[in-house]
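Comments concern the structure below.
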Amino acid sequence: MLRLNCPFCGLRDHHEFAYLEDASVQMPSFEDTSEKAWFEAVFLRKNLRGVHVEHWHHIHGCRMILRVERDTQTHVISKVEAAHPSFRQRLSDVNDETKLISKARSKT
């Protein structure tokens, strides 16, 4: 059983999540109407062993889309973060602020 540590909800069972997609694939721009480019992006993917970056949707929780770094051979999850860069920055800011508050409290 996989357990993902959602940055918003904490450690959760994988049944709360839905796998979305390979997060390393770069889709063509919408202006690119090349059938070949879209075919390659959607259907021609490498199925590599080892560490892989994926998007997962927390459907039975906060409903956020997460970027998960997972080893496809061992299923060890090494990193879970918000998929959208602005949410990653906000979480980082909150964590920094929490550390400062904790440090200030420990001095008193």
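Go through segment 58-74 and count every residue that is within 13 Å of Cys9 (Cβ to Cβ) and part of a strand (DSSP E or B).
1
Under 7 Å by Cβ, and 6 or more places apart or on different chains, what pairs join a residue from segment 68-95 that is closer than 19 Å to Tyr19 by Cα and at pLDDT 90 or above with one that is outside any loop (DSSP other than H, G, I, E, B) and of a type in the set (Phe, Trp, Tyr)?
Val68/Trp56
Name every residue in segment 37-47 that is outside any helix (DSSP H, G or I) and surrounded by 10 or more Cβ atoms within 10 Å (Cβ to Cβ), in order of residue number.
Passing the criteria: only Arg45.
The values are calculated or read from the model by the stated rules, or taken from the named source; none is laboratory data. The structure presented is a predicted model; accordingly, all values stated were derived computationally and were not measured. Please note: Cβ atoms are built from the backbone with ideal geometry, for glycine as well, and neighbour counts cover all protein chains shown.
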